[in-house]
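Input: a single structure, listed below in structure tokens.
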Amino acid sequence: MKNYNFFTKIFKQLSTEELENYHRTVFMYMDTPFAMEKRIEYYRTQLRCIGKNIKIGCDVKIINPQYISLGNNVKIGNNCVLVASSEKGITLGDNVRLKYGVYLDTETSDTGYIKIGKRVYIGTGCCLHGHKGLEIGDDSLLAQNITITPFSHKFEDPNKTIYGQGGYVRKVTIGRDCYIGMNVCILYSADIGEGSVVGAGSVVVHTIPPYSVVVGVPAQVIRQRGEK
């Protein structure tokens, strides 16, 4: 026999704290203008800094909001995840747009941070890490499904687990006015110079000079912007 009021009975048994968690979950998932307004109202009490005209979509997960700062006109799409493990945290400048499913993670509790400049666009499904820091300059555009990982595992000793050997880590910088094509992977050893373009599907393992156009695996400079 079907039990049509099973969850209704459970709801009546919830404590005050559990009821708050329930209602918070409902409003975080609800796709209405009213729910978004209430999400913003809630995060104004939680985030380190939050500007004007903010939009936060459905099912957005923000871990340690006290370490996260949002400028004016920031738009965070549905299903994004922001994890700020350190006090340096995550900073999104004015007019930053995070599309559906963007994942930002500072990773470490002491040195990690992510700083994204003004008017930066980050496309659907991008996964960006900031173990020792990740900085993206103003007006840069990141297409879909880009991975930036400033960490590379060591694996020289076959008698030890790869996890147990640690890794190489450093801050990674992407200059202003760059365009990173879809499915690009940028490793810990690479910075992207100002004004550069990285072709779709490239794997960047070395620092790219300013205003370069690079493609391939590994990515190689094929010309400079402005050359005929």
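The values are calculated or read from the model by the stated rules, or taken from the named source; none is laboratory data. Keep in mind the model is a prediction, meaning the values are calculated, not measured. Glycine also receives a Cβ, built like all others from the backbone with ideal geometry; neighbour counts cover every protein chain displayed.
So here's what we get for this one:
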{"quantity": "LYS132 under 24 Å from ASN64 (Cβ atoms), of a type in the set (D, E, K, R), modelled with pLDDT of 95 or more and crowded, with 16+ Cβ neighbours inside 10 Å", "calculated": "no"}
{"quantity": "Matching residues in segment 23-43 - criterion: being of a type outside the set (Val, Ile, Thr), surrounded by fewer than 11 Cβ atoms within 10 Å (Cβ to Cβ) and either in contact with a Cys (Cβ under 9 Å, 6 or more places away or on another chain) or outside any helix (DSSP H, G or I) (or both)", "calculated": "ASP31"}
{"quantity": "Filter result (farther than 13 Å from VAL221 by Cβ and hydrophobic (A, V, I, L, M, F, W, C)) within segment 170-204", "calculated": "VAL172, ILE174, CYS178, ILE180, MET182, VAL184, CYS185, ILE186, LEU187, ALA200, VAL203"}
{"quantity": "For GLU156: the one exception among (1) part of a strand (DSSP E or B); (2) farther than 24 Å from ALA84 by Cβ", "calculated": "(1)"}
{"quantity": "Residues (touching a strand residue (DSSP E or B) at 6+ places or on another chain (Cβ under 9 Å) and either small (Gly, Ala, Ser) or in a loop (DSSP other than H, G, I, E, B) (or both)) located in segment 140-153", "calculated": "SER140, ALA143, ASN145, ILE146, PRO150, SER152"}
